[in-house]
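Single-structure report; data block below.
The values are calculated or read from the model by the stated rules, or taken from the named source; none is laboratory data. Because the structure is predicted, anything quoted here is derived from the model rather than measured. Here the Cβ is made from the backbone with ideal geometry for all residues, glycine too, and neighbour counts use every protein chain on show. Each accessible area value is taken on the protein alone, full model and side chains, heavy atoms only, with ligands, DNA and RNA left out. Shrake-Rupley method; radii C 1.70, N 1.55, O 1.52, S 1.80 Å.
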Amino acid sequence: MLKICAGIKLIVIAGSASPRLSARVARELECELIKPVVKRFPDGEFYVRIEAELRGEHVVVVQSTCSPQNDNLIELCFLIGAARDLGAKRVTSFVPYLAYARQDKRFKAGEAVSVSTVCKLIEAAGATDFVTIDVHHDEVMRNFSIPAYSLTAMPLLGQHLNKLKLRDPVVLGADKGSIDRAKRVSLEMGAEHDYLEKKRISPRNVVVKPKRLNVLNRDVVIVDDIISTGGTIIEAVRMLKRQKARRIYAACTHPVLVGKALQKIKIAGVKNIISTDTIEHPVSRVSVAPLITDVL
Ligand code: R5P
């Protein structure tokens, strides 16, 4: 784990994609928050300036690489580079949502392994260590040669859900890959957990059901790392309603929520969507700021 070295000041730099989270991180760390100048030239290029004395200090750059991903990524790299040029001894890159993490393999010959290049860019910009939250697959961290950590927000989501006093709740991973996330949430709620399995019952018919638990008359929480178009959740809700689940909640770390996803999920019958501030969104009810203090 990372350590704060004695005698070195900690300073948080707020990337423009994460203004509220940056402020919360600075509060948690009880340290100075610097808002850099980030502007655009008339041709669209970025201009970044950090007006602060950083020599010898430990800087934490907080910047989500949510949409517009490429702009936010380049701003992150410029901030890291500027902090290093100003003499910062350590530059921790805190990227709560790591863009391109789902393209972590070459699924077809000739494809770019996008996230591998993203990690190399961040490291080449000058980051001395890297922290993210609930990266799609932990193996992504192996793309770095600097210390790199993916922390999980699942216990925080579980603590929030626990306050909602759900009735006989069952926590379901949106798919098999989310079973561990569902488990972490359920532990905080003292609830059972399972995952949703797709079963082909005939050539034209696929059902989505919990692998082993019954949802009849129970409140259900569907857990995923990302909700993007909402397609996965909407399909699950349709099926869970047929299985007579009571109220259905959706919880995720990263509320990507493209286009009308939020509206569609609500229309499908989800009572509440609960997510974190890795991407700042009206459904971001849980802050991941306390996690960074654990790792620092
Ligand atoms: C996929 O592997 C992820 O864990 C999510 O299930 C997926 O990104 C959700 O996408 P959507 O909301 O578009 O179904």
Some residue of the range 274-290 being within 12 Å of the ligand (Cβ to nearest atom) and over 21 Å from Val170 (Cα atoms): no
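Here is a yes/no grid of residues against (1) within 16 Å of the ligand (Cβ to nearest atom); (2) in contact with a strand residue (DSSP E or B) (Cβ under 6 Å, 6 or more places away or on another chain); (3) on the phi > 0 side of the Ramachandran plot; (4) of a type outside the set (Val, Ile, Thr):
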{"position": "Ser186", "(1), (2), (3), (4)": "no, yes, no, yes"}
{"position": "Tyr195", "(1), (2), (3), (4)": "yes, yes, no, yes"}
{"position": "Asp225", "(1), (2), (3), (4)": "yes, yes, no, yes"}
{"position": "Ser228", "(1), (2), (3), (4)": "yes, no, no, yes"}
{"position": "Thr232", "(1), (2), (3), (4)": "yes, no, no, no"}
{"position": "Met239", "(1), (2), (3), (4)": "yes, yes, no, yes"}
{"position": "Gln243", "(1), (2), (3), (4)": "no, no, no, yes"}
{"position": "Ile248", "(1), (2), (3), (4)": "yes, yes, no, no"}
{"position": "Cys252", "(1), (2), (3), (4)": "yes, yes, no, yes"}
Residue that is least open to solvent (accessible area, probe 1.4 Å) [pool: residues in the range 194-232 that are at pLDDT below 95 and hydrophobic (A, V, I, L, M, F, W, C)]: Val208
When residues of the range 238-249 are limited to those that are within 11 Å of Ile265 (Cα to Cα) and surrounded by fewer than 22 Cβ atoms within 10 Å (Cβ to Cβ), the one modelled with the lowest pLDDT: Arg238
Flag if Arg247 is without any contact (Cβ under 8 Å) to a residue 60 or more places away in the chain and more than 19 Å from His281 (Cβ to Cβ): no
Qualifying residue in the range 272-287 (condition: at pLDDT 95 or above and farther than 22 Å from Gln63 by Cα): yes
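For the range 37-63, name all the residues that are over 17 Å from Gly126 (Cα atoms) and in contact with a helix residue (DSSP H, G or I) (Cβ under 8 Å, 6 or more places away or on another chain).
Start the filter on the range 37-63 by keeping residues that are over 17 Å from Gly126 (Cα atoms), which leaves 37-47, 51-53.
Val38, Phe46, listed by residue number.
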Wholly within the range 1-84, strands (runs of 3 or more DSSP E) carrying at least 3 residues that are open to solvent by less than 30 Å² (accessible area, probe 1.4 Å): 10-14, 58-62
Filtered residue count, the range 184-202, keeping only those that are under 20 Å from Leu240 (Cα atoms) and out of contact with any Gly (no Cβ under 8 Å at 6 or more places or on another chain): 8
Residue under evaluation Ala191, criteria (1) within 16 Å of the ligand (Cβ to nearest atom); (2) in contact with a strand residue (DSSP E or B) (Cβ under 7 Å, 6 or more places away or on another chain); (3) open to solvent by less than 80 Å² (accessible area, probe 1.4 Å); (4) not aromatic (Phe, Trp, Tyr), criterion not met: (1)
Leading residue by the ranking (farthest from Val135 (Cα to Cα)) among those in the range 163-178 that are surrounded by 18 or more Cβ atoms within 10 Å (Cβ to Cβ) and more than 12 Å from the ligand (Cβ to nearest atom): Leu166
Residues of the range 274-296 satisfying the condition of being open to solvent by less than 20 Å² (accessible area, probe 1.4 Å) and free of Cβ contacts under 8 Å to residues at least 40 places away in the same chain: Val283
Only listed residue being charged (D, E, K, R), in contact with a helix residue (DSSP H, G or I) (Cβ under 6 Å, 6 or more places away or on another chain) and not assigned by TED's automatic domain parsing to the domain that holds Arg246, chosen from Asp129, Asp134, Asp104, Asp138: Asp104
